[in-house]
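Engineer: Can you read through this structure? Questions will come right after.
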Amino acid sequence: MHATTLRSPQALAPVRRGFVRRNLPYFLIAPSVIMLLALIAYPLLFALKSSFYFWNLQVGPQPLAFVELDNYVQALNAFDFRAALTNTLILSILGTAIEFSLGLAIALVLLKALPGMNVVRALLILPTTIAPIVVGFLFRYLYDPGGGLVTWLLQSLWLPVPAEGILGSPATALAAILFVDIWQWTPFFAIVLYASLLSVPDEIIEAARLDRASAWTILTRIKLPLIRRTAIIIVMLRFMQIFNTFDTVLVLTRGGPGTSTRTLGYSLYEQGLVNFNVGLVSAQTWIAVLIVNIIVALYVFFAFRNEEW
C-alpha cells in the first residue's frame, strides 16, 4: 500500500516540478545549442574529414583518394594562399586598430554638449546598416578612375593617383579596401564606446577635475579603465569580422591586381565555389580556423589575465 502511494501521480508531481525547475535553464538553451551544433560543428567536422582526401567536384562527385596531409602542405606552399593570409592579417590588425581609435575619438566628441549631436548620433549608425556588398558597389563608383569622387578629390589635392586607378594598382588597392571597411565600421565602435562612456559615473570625473587632473589623465586613468572590458570585447568581435572579409573584395577587386587584395575569405570562395576543390578548400578552412582561434585565444588570455569577474 505504501509503495503504491509513492508511485501515484499525486506523489510524483512535486518530484517532477522540482526536476523541471532545476533543469529549466538547460531546456531553454537546448534549441540554441542544437542549432549551433547543426550550423557550426557539423560543417567543421565535415571539412576536417574532407581535408584529408583528394576531392574535386570537377573530377567526380565522391572523394577519390586519401592523401593524408597533402592538402595542408599544398595550401601552405601556395603563394596565393600565403598572400591571402598576409593581406587578411594586415586588414584585420590595421582595420581594428584604426576603427577603434577613430571610434573612440568620435565617442568623446559625442559626449560634448554640442548643437546637433542628436542628429549626428542618428546619422552615425547608417553606414553599418548597409550591406557590405552594396558598400562595395558604392565605392567602386567612387574609386572609378574616369571621374569617381574619391579620385577627383585626390587629384584636386594634387595627390598622386595611379594611371590604372586606385583599385587597379597593387600599391593602393589594399589600402582602398581598408578605407571602405573603416568608413563602414568606425561608427560601430563610436556608438558602442559612446554608450560605455555614458556609464562612467559623473562623480568620479568631477572629483578628478577638482584634483586638477588633465583631460588626458581623466581619459587614460579613469574613462578607459572603466570601459576596458567593453573595449576588449568589441575589438575581438571586430577583428574576427574583418578576418572574414569577402564581400567588398569580391565586388571591388576580385583579389587583384595579382594577389594584392586577396583575402582568406576570397581564397576559400575561389577554391570552393569556382574550382570546386573540396579537399583543398577544407584544408584552407581549417588552417584559417586554427589561426584565428589561436590569435583570439592569446588576445583573450593577455587582455583578461588581470581581470576579476
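Engineer: Which of the residues spanning the stretch 285-309 are among the polar types (S, T, N, Q) and surrounded by 15 or more Cβ atoms within 10 Å (Cβ to Cβ)?
Structural biologist: First, pick out the residues of the stretch 285-309 that are among the polar types (S, T, N, Q): 285, 293, 306.
Of everything in the stretch 285-309, just one residue is among the polar types (S, T, N, Q) and surrounded by 15 or more Cβ atoms within 10 Å (Cβ to Cβ), namely 285.
Engineer: Further question: Would the stretch 157-177 turn up any residue that is of a type in the set (Ser, Thr, Tyr), modelled with pLDDT of 90 or more, more than 19 Å from residue 97 (Cβ to Cβ) and assigned to a helix (DSSP H, G or I)?
Structural biologist: Initial filter on the stretch 157-177 (of a type in the set (Ser, Thr, Tyr)): 169, 172.
Right, trim to modelled with pLDDT of 90 or more and you get 169, 172.
This time we only want the ones that are more than 19 Å from residue 97 (Cβ to Cβ), so: 169, 172.
If we keep only those that are assigned to a helix (DSSP H, G or I) as well, we get none.
Within the stretch 157-177 (the criterion being of a type in the set (Ser, Thr, Tyr), modelled with pLDDT of 90 or more, more than 19 Å from residue 97 (Cβ to Cβ) and assigned to a helix (DSSP H, G or I)), the answer is no, since none of the residues qualifies.
Engineer: Against the definition (surrounded by 14 or more Cβ atoms within 10 Å (Cβ to Cβ) and in contact with an Asp or Glu (Cβ under 6 Å, 6 or more places away or on another chain)), how does residue 103 come out, yes or no? Spell out how you get there, then give the answer.
Structural biologist: Values: surrounded by 14 or more Cβ atoms within 10 Å (Cβ to Cβ): yes; in contact with an Asp or Glu (Cβ under 6 Å, 6 or more places away or on another chain): no.
The answer is no for residue 103.
Engineer: In the stretch 265-300, which residue that is within 16 Å of residue 74 (Cβ to Cβ) and of a type in the set (Ser, Thr, Tyr) is farthest from the chain's Cα centre (by Cα)?
Structural biologist: Going residue by residue through the stretch 265-300, those that are within 16 Å of residue 74 (Cβ to Cβ) are 267-268, 270-272, 275-288.
Imposing the further condition that a residue be of a type in the set (Ser, Thr, Tyr) reduces the set to 267, 282, 285.
Working: 267: 17, 282: 21, 285: 16 Å.
Filtering the stretch 265-300 for residues that are within 16 Å of residue 74 (Cβ to Cβ) and of a type in the set (Ser, Thr, Tyr), the one farthest from the chain's Cα centre (by Cα) comes out as 282.
Engineer: For the stretch 68-85, enumerate the residues that are out of contact with any helix residue (DSSP H, G or I) (no Cβ under 8 Å at 6 or more places or on another chain) and touching a residue at least 40 places away in the same chain (Cβ under 8 Å). Talk me through it step by step, then tell me what you get.
Structural biologist: Restricting attention to the stretch 68-85, the residues satisfying the condition of being out of contact with any helix residue (DSSP H, G or I) (no Cβ under 8 Å at 6 or more places or on another chain) are 68-70, 73, 77-79, 83.
Residues satisfying the conditions are 79, 83.
Engineer: Take the residues in the stretch 116-153 that are of a type in the set (A, V, I, L, M) and open to solvent by less than 50 Å² (accessible area, probe 1.4 Å), then tell me which one is modelled with the lowest pLDDT. Talk me through it step by step, then tell me what you get.
Structural biologist: Within the stretch 116-153, the subset of a type in the set (A, V, I, L, M) is 117, 119-120, 122-126, 130-131, 133-135, 138, 142, 149-150, 153.
With open to solvent by less than 50 Å² (accessible area, probe 1.4 Å) added as a condition, the list becomes 117, 124, 131, 135, 142, 150.
Details: 117: 80, 124: 88, 131: 91, 135: 94, 142: 95, 150: 93.
Out of the qualifying residues, it is 117.
Engineer: Exactly one condition in (1) hydrophobic (A, V, I, L, M, F, W, C); (2) open to solvent by 30 Å² or more (accessible area, probe 1.4 Å); (3) not in a loop (DSSP other than H, G, I, E, B) is not met by residue 218; state its number.
Structural biologist: All conditions pass for residue 218, except number (2).
Engineer: Please enumerate the residues belonging to the stretch 92-125 that are in contact (Cβ under 8 Å) with a residue 24 or more places away in the chain and either in contact with a Ser or Thr (Cβ under 6 Å, 6 or more places away or on another chain) or on the phi > 0 side of the Ramachandran plot (or both).
Structural biologist: 99, 102, 103 - these are the residues of the stretch 92-125 that are in contact (Cβ under 8 Å) with a residue 24 or more places away in the chain and either in contact with a Ser or Thr (Cβ under 6 Å, 6 or more places away or on another chain) or on the phi > 0 side of the Ramachandran plot (or both).
Engineer: Could you list all residues from the stretch 143-166 that are among the hydrophobic types (A, V, I, L, M, F, W, C) and either more than 23 Å from residue 90 (Cα to Cα) or within 23 Å of the chain's Cα centre (by Cα) (or both)?
Structural biologist: Step one: list which residues in the stretch 143-166 are among the hydrophobic types (A, V, I, L, M, F, W, C), which gives 149-150, 152-154, 157-159, 161, 163, 166.
149, 152, 153, 154, 157, 158, 159, 163, listed by residue number.
Engineer: Quick check on my filter: what residues within the stretch 154-171 are among the β-branched types (Val, Ile, Thr) and either open to solvent by 80 Å² or more (accessible area, probe 1.4 Å) or farther than 16 Å from residue 251 by Cβ (or both)?
Structural biologist: Taking the stretch 154-171 first, the residues among the β-branched types (Val, Ile, Thr) are 161, 166.
The answer is 161, and nothing else.
Engineer: Since residue 193 meets every condition but one in (1) open to solvent by 50 Å² or more (accessible area, probe 1.4 Å); (2) within 13 Å of residue 102 (Cα to Cα), which condition does it not meet?
Structural biologist: Every condition holds for residue 193 apart from (1).
Engineer: Next up: Checking residue 238 against (1) open to solvent by 50 Å² or more (accessible area, probe 1.4 Å); (2) charged (D, E, K, R); (3) over 30 Å from residue 60 (Cβ atoms): exactly one of these is not met. Which one?
Structural biologist: It is condition (1) that residue 238 fails.
Engineer: Among (1) free of Cβ contacts under 8 Å to residues at least 12 places away in the same chain; (2) over 18 Å from residue 260 (Cα atoms), there is one condition residue 132 misses while meeting the rest; what is its number?
Structural biologist: So residue 132 meets the others, but not (1).
The values are calculated or read from the model by the stated rules, or taken from the named source; none is laboratory data. None of these values were measured; they are calculated from a predicted model. Positions of Cβ are generated from backbone atoms using ideal geometry, with glycine treated the same way; all protein chains shown enter the neighbour counts. With ligands, DNA and RNA removed, areas are computed over all heavy atoms of the protein, side chains included. Shrake-Rupley method; radii C 1.70, N 1.55, O 1.52, S 1.80 Å.
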